[in-house]
1. Any idea which of (1) out of contact with any helix residue (DSSP H, G or I) (no Cβ under 7 Å at 6 or more places or on another chain); (2) assigned by TED's automatic domain parsing to the domain that holds ASN142; (3) surrounded by 13 or more Cβ atoms within 10 Å (Cβ to Cβ); (4) without any contact (Cβ under 8 Å) to a residue 60 or more places away in the chain is the one THR15 doesn't satisfy?
2. Return the pairs, sorted by first residue and then second, in which the second residue is within 13 Å of the ligand (Cβ to nearest atom), the first residue lies in the range 84-99 and is closer than 9 Å to ARG52 by Cα, the beta carbons are less than 7 Å apart, and the residues are 6+ apart or on different chains.
3. Return the total of residues in the range 37-64 being modelled with pLDDT of 90 or more, part of a loop (DSSP other than H, G, I, E, B) and exposed (fewer than 14 other Cβ atoms within 10 Å of the Cβ).
4. Quick check on this structure: which one of ALA131, ALA105, ALA150 is touching a Phe, Trp or Tyr at 6+ places or on another chain (Cβ under 9 Å), within 14 Å of LEU22 (Cβ to Cβ) and in a strand (DSSP E or B)?
5. Kindly indicate which of ARG128, ARG123 is over 18 Å from ASN153 (Cβ atoms), away from the ligand (no atom under 14 Å from the Cβ) and touching a residue at least 24 places away in the same chain (Cβ under 8 Å).
6. Report every pair of residues separated by at least 6 positions or lying on different chains whose Cβ atoms are under 8 Å apart, first residue within the range 148-161 and more than 12 Å from GLY132 (Cβ to Cβ), second away from the ligand (no atom under 16 Å from the Cβ) and aromatic (Phe, Trp, Tyr).
7. Only one residue in LEU37, LEU32, LEU22 is within 16 Å of the ligand (Cβ to nearest atom) and either touching a helix residue (DSSP H, G or I) at 6+ places or on another chain (Cβ under 6 Å) or polar (S, T, N, Q) (or both). Which one?
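The values are calculated or read from the model by the stated rules, or taken from the named source; none is laboratory data. Quick caveat: nothing in here was measured; it's all calculated off a predicted structure. Note that we place each Cβ from the backbone using ideal geometry, even for glycine, and neighbour counts take in every protein chain shown.
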Amino acid sequence: MGGIEYVYWDGARLTPWMKHCLERLDADLRRLFGVHLTLDSSKGIRLNSEQRAIFLDRYRPQSSGSGPFGDVRWWNGVRYVRRSGLGTVAQPGTSNHEIQGSTAAVDLADSGGSGIGTMGSARSNWLRRNAGNYGLVPEGFNFNEAWHYAVPNIFNPVPAGGLSKPEAPPLSAKASTKMTIYARRDDGLVVAIPEGGPTYNYQSAAEYNRHRETVAAVNGQRQKDGQPLVTLPPVLGSIVTMTSERLNDLIRSQGAVLSPAPVVKVEIPDVDVPELNLDEIAKKVNDEADKRARDRLKG
Ligand SMILES: [Zn+2]
């Protein structure tokens, strides 16, 4: 396949179109979640020789038995069994990481804990829903590799101006609430479960409200400074109620530290919480981000 123009991102081989798609994703990851994409040479397009090397690193010829992962593959008339826990590798010549027609694959990771490639994490769920906005297809969910995305039409030309106006969904402060999940304890208090952080038990509704006001104030400043927003707590009515078992699972799945107090299901009492106007905040942030993008293009 001579004549292909490759570009590189942290060693990952890409076409200009793939890089363009990932740049737009990266920009939104920074704005929405405060993290950035991390790539390496194994994560983009692989030449056939590289696919061979990775395959042979993880699979060994073996005439019987199915190995620790039950993963047996035939390649060039030889039976191979996977010995590595690093995941499956397609036989050379058949991988989407090699170019298949006009499609190739990328494996995504980011700079945060419990990142974009982790099944069920906040950012993984977000990208799974929005992949189409970045020209990506969330193909890896079909084989339990949440980090693996297909990129069709990899030879598309990159629009003039490179990082064009994102076709991403409008920046929404609501989207960043995905980073923290709020749940309620059996004594009626609220538990905040930030991704990767310690869980936090609010001792009263007033304390919860103070926290929300603080976060809103901090975000107001960060917005002026063009920094990523801190997680905004949702309105109290959107707090989920769940069993202690599910709640503890949730805490663990967020990579957060278990709350010292046991958490169990209760009903949500009526608490008068002033509403933050998230849409208004989101609009301000959008306008500011658009303005910055325009200024950058001018400069
Ligand atoms: Zn992959």
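1. Every condition holds for THR15 apart from (4).
2. These pairs meet every condition: GLN91/PHE55; PRO92/GLN51; PRO92/PHE55.
3. 2
4. Working: ALA131 fails: in a strand (DSSP E or B); ALA150 fails: touching a Phe, Trp or Tyr at 6+ places or on another chain (Cβ under 9 Å).
Sole residue among the options that is touching a Phe, Trp or Tyr at 6+ places or on another chain (Cβ under 9 Å), within 14 Å of LEU22 (Cβ to Cβ) and in a strand (DSSP E or B): ALA105.
5. ARG123
6. ASN153/TRP17; ILE154/TRP17; PHE155/TRP17; ASN156/TRP17; PRO157/TRP17; VAL158/TRP17
7. None of the others qualify; the one that does is LEU37.
Here is a yes/no grid of residues against (1) more than 15 Å from TRP147 (Cβ to Cβ); (2) outside the structural domain of LEU136 (by TED's automatic domain parsing):
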| site | (1), (2) |
| --- | --- |
| LEU39 | no, no |
| ARG52 | yes, yes |
| LEU56 | yes, yes |
| SER63 | yes, yes |
| SER66 | yes, yes |
| VAL72 | yes, yes |
| VAL78 | yes, yes |
| GLY87 | no, yes |
